[in-house]
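Visitor: Mind looking over this structure? Questions follow.
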Amino acid sequence: MVLTPELYAAKPEYIDSLAEFVRSRPMPPVDAFLRQSEAVIGHDASAQLGRITAPTRVTPGRHDPVCSTRFIDALTGGIADTELAVFEDCAHAPIYENVQDFNARTLAFLQQHSG
């Protein structure tokens, strides 16, 4: 489950629309999906984090079962100019779970760092 149980209960029509969007995308062949999954599990880019020079915002959901908040320190510690915005009421997809707050906070970050 990549969304919070509360969202599933409160907005079933919204969940249905997200599910429909996902179902509308082309399905990869099973072997390709398995290879992609293995690549994601085996990929470690932590040595590259120090090369990131742009201001960076990390936006995890507190209840994310996929990218647990236990990884926050390693991620933010590896990137020099990092801001952390934990979405306390979200799981894996704050951009879909708390659209207004996510967009407002992201826009403020982008405006703060625009040239």
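Since every read-out is calculated from the coordinates, none of them should be taken as a lab result. Since this is a predicted model, take the numbers as computed values, not measurements. Glycine gets a Cβ as well: all are built from the backbone with ideal geometry, and neighbour counts include every protein chain shown.
Visitor: In the stretch 41-115, what trypsin sites (Lys or Arg not before Pro) fall in a loop by DSSP, with at most 15 other Cβ atoms inside 10 Å? Before the final figure, lay out each step's value.
Guide: Working: sites: Arg51, Arg57, Arg62, Arg70, Arg105; in loops: Arg62.
Passing both the DSSP loop test and the Cβ count: Arg62.
Visitor: Still on this structure, please answer the following. Per residue and in Å³, how big is the convex hull formed by the alpha-carbon atoms of the stretch 38-102? The partial results should precede the final answer.
Guide: Numbers: hull volume 6.4 nm³, N = 65.
Convex hull volume per residue, Cα atoms: 98 Å³.
Visitor: Hey, what's the per residue convex hull volume over the C-alpha atoms of the chain, in cubic angstrom?
Guide: Working: hull volume 16.2 nm³, N = 115.
Per-residue hull volume (Cα only) is 141 Å³.
Visitor: Top mean-square fluctuation among Asp89, Asp16, Asp101, Gaussian network model of the chain, C-alpha springs under 10 Å?
Guide: In this elastic network of the chain, the residue with the biggest mean-square fluctuation among Asp89, Asp16, Asp101 is Asp16.
Visitor: Please state the relative contact order of the chain as a whole percent: Cα pairs under 8 Å, 6+ residues apart?
Guide: Values: 112 pairs, mean separation 33.5, N = 115.
It comes to 29 percent, rounded to a whole number.
Visitor: Something else: How large is ³J(HN,Hα) for each residue in the stretch 47-52, as worked out from phi by the Karplus curve 6.51 cos²θ - 1.76 cosθ + 1.60 (θ = phi - 60°), to whole Hz, x for Gly and Pro?
Guide: Per residue, the Karplus-derived 3J(HN,Hα) values read 5, 8, 4, x, 7, 6 Hz.
Visitor: OK, next. By how many nm would the segment from Asp73 to Ala104 lengthen if fully extended, with 0.36 nm per residue of separation less the alpha-carbon distance? Please list the in-between numbers first.
Guide: Numbers: separation 31, 0.36 × 31 = 11.16 nm, distance 2.41 nm.
Extending this stretch completely gives an extra 8.7 nm.
Visitor: Compute the distance in nm between two label points, each set 7 Å from the Cα along the Cα-to-Cβ direction, one at Glu20 and one at His43.
Guide: Label-label distance for Glu20 and His43, simple model: 3.1 nm.
Visitor: Only helical DSSP H runs with n ≥ 4 go in: add -39500 (n - 2.57) per run for the chain, normalise by residue count and round the 222 nm mean residue ellipticity to 500 deg cm²/dmol.
Guide: Values: 6 runs with 57 residues, N = 115.
-14500 deg cm²/dmol, from helical runs alone.
Visitor: Once a ≥ b ≥ c are taken as the square roots of the eigenvalues of the Cα gyration tensor of the stretch 1-49, is the result rounded (a/c under 1.5), prolate (a/b larger than b/c) or oblate (a/b not larger than b/c)?
Guide: Values: a/c = 3.31, a/b = 1.60, b/c = 2.07.
Oblate, since a/c reaches 1.5 and b/c is not below a/b.
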